[in-house]
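The values are calculated or read from the model by the stated rules, or taken from the named source; none is laboratory data. These figures come from a predicted structure and were not determined experimentally. No Cβ is skipped: glycine too gets one built from the backbone with ideal geometry, and neighbour counts run over all protein chains shown. Side chains included, ligands, DNA and RNA excluded: accessible areas come from the protein's heavy atoms. Shrake-Rupley method; radii C 1.70, N 1.55, O 1.52, S 1.80 Å.
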Amino acid sequence: QVQLVESGGGLVQPGGSLRLSCEASGSIGRLVVMKWYRQAPGKEREFVARIVWSGPSLHYADSVKGRFTISRDNAKNTAYLQMNDLKPEDTAVYFCHVEITTFERLTQDFWGQGTQVTVSS
């Protein structure tokens, strides 16, 4: 089993910044990719950003390009989402999602519990 612990959410004014963290622990054979999603009230969960664990591949939703940066610390099995120039429409619960390969070479995926980000003056 894999556990994902997210942190870093909170209340920030428009134009402000936050950095989210997602630490993976447990029975991880190999991390493959980590993603951030978000879900605003009354809306479906949407993709925000993705980072491939063993290479340089990054991908962002158009709505956050140029403002958000995803990064990783391989030694800590942790991904980060640096969010700058935050807007009220960025208000949502942010979820971490990870895909791993187990020691038995099975592919599994897991979700974090979510962290609230509120952008408001």
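Quick one: in segment 1-24, of everything that is open to solvent by 50 Å² or more (accessible area, probe 1.4 Å) and of a type in the set (S, T, Y), which residue is modelled with the highest pLDDT?
Step one: filter segment 1-24 for residues open to solvent by 50 Å² or more (accessible area, probe 1.4 Å), giving 1, 3, 5, 7, 11, 13-14, 17, 19, 23.
Narrowing the set further to residues that are of a type in the set (S, T, Y) leaves 7, 17.
Working: S7: 95, S17: 98.
Here the answer is S17.
Evaluating T118 against the criteria (1) open to solvent by 30 Å² or more (accessible area, probe 1.4 Å); (2) farther than 20 Å from G16 by Cα; (3) touching a residue at least 60 places away in the same chain (Cβ under 8 Å) leaves one unmet condition, (2).
Under the condition of being in a strand (DSSP E or B) and of a type in the set (A, V, I, L, M, F, W, C), which residue from segment 56-72 is nearest to C96 (Cα to Cα)? Write out each step before concluding.
So in segment 56-72, the residues in a strand (DSSP E or B) come out as 58-60, 68-72.
Keeping just the survivors that are of a type in the set (A, V, I, L, M, F, W, C) gives 58, 68, 70.
Numbers: L58: 15, F68: 15, I70: 12 Å.
Out of the qualifying residues, it is I70.
Go through segment 73-108 residue by residue and tally those that are touching a residue at least 40 places away in the same chain (Cβ under 8 Å), of a type outside the set (K, R) and either touching an Asp or Glu at 6+ places or on another chain (Cβ under 8 Å) or part of a strand (DSSP E or B) (or both). Selection size over segment 73-108: 19.
Within segment 28-55, the set of residues being charged (D, E, K, R) and either within 13 Å of T91 (Cα to Cα) or not in a strand (DSSP E or B) (or both) comprises R38, K43, E44, R45, E46. Of all residues in segment 42-71, those satisfying the criterion of being under 11 Å from the mean Cα position of the chain (by Cα), under 19 Å from V5 (Cα atoms) and surrounded by 18 or more Cβ atoms within 10 Å (Cβ to Cβ) are V48, A49, R50, I51, I70. Restrict the check to segment 96-103 and report whether at least one residue is touching a Lys or Arg at 6+ places or on another chain (Cβ under 6 Å) and surrounded by fewer than 15 Cβ atoms within 10 Å (Cβ to Cβ). Scanning segment 96-103, I find at least one residue that is touching a Lys or Arg at 6+ places or on another chain (Cβ under 6 Å) and surrounded by fewer than 15 Cβ atoms within 10 Å (Cβ to Cβ), so the answer is yes.
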